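Engineer: Have a look at the structure that comes next, please.
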Amino acid sequence: MRTVATALLWCVATAATFVGIGAGWTATHVQSESGFVDLVSQVGDDRQVQRAAADTAGEAFADRTGLTGVLHDRIADVVRDGVLRLTDSPDWDKAWAEVARDTHQRLYAEPTPKNVRADVSPLVEVALGEVSAKLPVDLPPPGELLVTMSEKDPADFVAATSRARATTTVAVGTAVIAALLALVVSRRRGTTLAALGLGAVLAAAAWWVLGRLALPRLVDEQAATTTEAGRHLRDELTDHVVASLDVTLIWVALGGAALIVVGLVSRARRS
């Protein structure tokens with residue numbers, strides 16, 4: 001009976017650890033504004049993303065002017081080139097972070113928006129002084145310059161990720177309690193401790209597989225877009241999400257491995 005109870009508690013602890021890994025990463029890097037900005041800021045270093053963002057900002061700003069024809073295209077090109085020239089400067093990093101922060105705030109505002117939009121005006125403003133000197137017209141600051149990044153309704157995504165912090169607390173608490181009860185109930189605590197460590201390693205391994213199979217598909221579905229900027233951002237974001245999750249998994253796996261070693265050493269000493 002004690003063996004069955006220990007096995008059931010091990011299953012609960014392992015399942016809770018699996019849930020806690022996903023919820024914990026989401027709470028840290030998606031639900032948290034600062035975590036989201038840090039994650040998206042890394043994407044802004046990619047040259048293709050920078051080019052696509054500069055194209056989008058140039059077109060959006062030119063459209064805002066209300067001009068048409070050659071002058072519209074000239075403004076779009078000059079703004080794009082001006083933004084691109086500043087992508088290696090701290091001003092670009094600051095502007096890109098502002099875009100990410102505003103996007104997060106809009107996404108988690110009440111009520112939840114029907115699509116995902118980004119204000120690219122910070123990208124234009126970093127180059128506007130240089131740009132204005134090269135054009136025959138005065139260009140005022142753009143103010144808000146919204147661009148639709150995805151037409152997909154983010155309501156389900158926002159609702160799920162908004163619960164990440166609470167889910168993490170419950171999952172971690174459940175895992176710890178189940179693990180402690182398993183050690184109390186078990187006849188061979190060294191073996192049980194090693195098994196709990198193995199469960200943590202298995203949970204990390206499961207997320208490693210999901211990170212390469214399911215996460216790219218999930219990001220693709222949530223970031224459905226027809227724009228070049230949206231596609232580049234989505235692809236780079238997927239790579240950074242997987243890489244960031246891998247860091248978490250390494251720490252969980254190392255913790256699990258440590259429990260395995262301690263458990264096996266304890267078992268050997270008792271033999």
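Engineer: Return the total of residues in the range 1-28 being among the aliphatic types (A, V, I, L, M) and either open to solvent by 60 Å² or more (accessible area, probe 1.4 Å) or in contact with a Pro (Cβ under 8 Å, 6 or more places away or on another chain) (or both).
Structural biologist: Residues flagged as among the aliphatic types (A, V, I, L, M) and either open to solvent by 60 Å² or more (accessible area, probe 1.4 Å) or in contact with a Pro (Cβ under 8 Å, 6 or more places away or on another chain) (or both) within the range 1-28 amount to 5.
Engineer: Looking at the range 48-64, is at least one residue of a type in the set (Gly, Ala, Ser) and outside any helix (DSSP H, G or I)? Explain how you work it out, then say what you get.
Structural biologist: We begin by selecting, within the range 48-64, every residue of a type in the set (Gly, Ala, Ser); these are 52-54, 57-58, 60, 62.
Checking which are outside any helix (DSSP H, G or I) leaves us with none.
Within the range 48-64, not a single residue is of a type in the set (Gly, Ala, Ser) and outside any helix (DSSP H, G or I).
Engineer: Sticking with this one: Can you tell me which condition ALA200 does not meet? The list is (1) modelled with pLDDT of 95 or more; (2) open to solvent by 20 Å² or more (accessible area, probe 1.4 Å); (3) more than 21 Å from the chain's Cα centre (by Cα), and all the others hold.
Structural biologist: If we test ALA200 against (1) modelled with pLDDT of 95 or more; (2) open to solvent by 20 Å² or more (accessible area, probe 1.4 Å); (3) more than 21 Å from the chain's Cα centre (by Cα), just (2) comes out false.
Engineer: Of all residues in the range 77-106, count the ones that are surrounded by 21 or more Cβ atoms within 10 Å (Cβ to Cβ) and of a type in the set (Lys, Arg).
Structural biologist: Selection size over the range 77-106: 1.
Engineer: OK, next. Are there any pairs with C-beta distances below 8 angstrom linking a residue in the range 192-219 that is closer than 19 Å to PHE157 by Cα to a residue that is not small (Gly, Ala, Ser) and not in a helix (DSSP H, G or I), with the two at least 6 apart or on different chains, and if so which?
Structural biologist: Close Cβ pairs (under 8 Å, with a partner that is not small (Gly, Ala, Ser) and not in a helix (DSSP H, G or I)) do not exist here.
Engineer: Regarding the range 138-154, can at least one residue be identified that is farther than 22 Å from ALA76 by Cβ and modelled with pLDDT of 90 or more? Even if it seems obvious, please write down each step before you answer.
Structural biologist: Initially, the range 138-154 is screened for residues farther than 22 Å from ALA76 by Cβ, giving 150-154.
So of that shortlist, the ones also modelled with pLDDT of 90 or more come out as none.
No.
Engineer: Does ARG2 fit the bill of being modelled with pLDDT under 85, of a type in the set (Lys, Arg) and under 30 Å from GLY197 (Cα atoms)? Give the derivation first.
Structural biologist: Values: modelled with pLDDT under 85: yes; of a type in the set (Lys, Arg): yes; under 30 Å from GLY197 (Cα atoms): yes.
Here the answer is yes, as ARG2 does meet what is asked.
Engineer: Now a separate question. Which of the residues that make up the range 29-51 are of a type outside the set (D, E, K, R), free of Cβ contacts under 8 Å to residues at least 12 places away in the same chain and open to solvent by 50 Å² or more (accessible area, probe 1.4 Å)?
Structural biologist: Residue satisfying the conditions is SER34 alone.
Engineer: Specify which of the listed residues (ALA182, ALA175, ALA166, ALA160) is surrounded by 13 or more Cβ atoms within 10 Å (Cβ to Cβ) and at pLDDT 95 or above. First the steps, then the outcome.
Structural biologist: Numbers: ALA182 fails: at pLDDT 95 or above; ALA166 fails: surrounded by 13 or more Cβ atoms within 10 Å (Cβ to Cβ); ALA160 fails: at pLDDT 95 or above.
ALA175 is the lone residue from the list that is surrounded by 13 or more Cβ atoms within 10 Å (Cβ to Cβ) and at pLDDT 95 or above.
Engineer: Quick check on the range 63-76: of everything there that is buried (at least 16 other Cβ atoms within 10 Å of the Cβ) and within 31 Å of the chain's Cα centre (by Cα), which residue is farthest from ASP119 (Cα to Cα)?
Structural biologist: The extreme case among them is ALA76.
Engineer: What number of residues in the range 241-251 are open to solvent by 40 Å² or more (accessible area, probe 1.4 Å) and either more than 17 Å from LEU213 (Cβ to Cβ) or in contact with a His (Cβ under 8 Å, 6 or more places away or on another chain) (or both)?
Structural biologist: Looking only at the range 241-251, we keep the residues that are open to solvent by 40 Å² or more (accessible area, probe 1.4 Å), and these are 243, 247-248, 250-251.
From what's left, either more than 17 Å from LEU213 (Cβ to Cβ) or in contact with a His (Cβ under 8 Å, 6 or more places away or on another chain) (or both): 247-248, 250-251.
Count: 4.
Engineer: Read through the list (1) at pLDDT below 90; (2) open to solvent by 60 Å² or more (accessible area, probe 1.4 Å), then give the number of the only condition that LEU123 fails.
Structural biologist: (2)
Engineer: Looking at GLY256, GLY211, which one is out of contact with any strand residue (DSSP E or B) (no Cβ under 6 Å at 6 or more places or on another chain), closer than 30 Å to ALA182 by Cα, buried (at least 18 other Cβ atoms within 10 Å of the Cβ) and modelled with pLDDT of 90 or more?
Structural biologist: On the way: GLY211 fails: modelled with pLDDT of 90 or more.
After ruling out the rest, the residue left standing is GLY256.
The values are calculated or read from the model by the stated rules, or taken from the named source; none is laboratory data. For clarity, every value in this text was computed on a predicted model and none was experimentally measured. All Cβ positions, even for glycine, are placed from backbone atoms using ideal geometry, and neighbour counts span all protein chains on display. These accessible areas exclude ligands, DNA and RNA; they are computed on the full protein's heavy atoms, side chains included. Shrake-Rupley method; radii C 1.70, N 1.55, O 1.52, S 1.80 Å.
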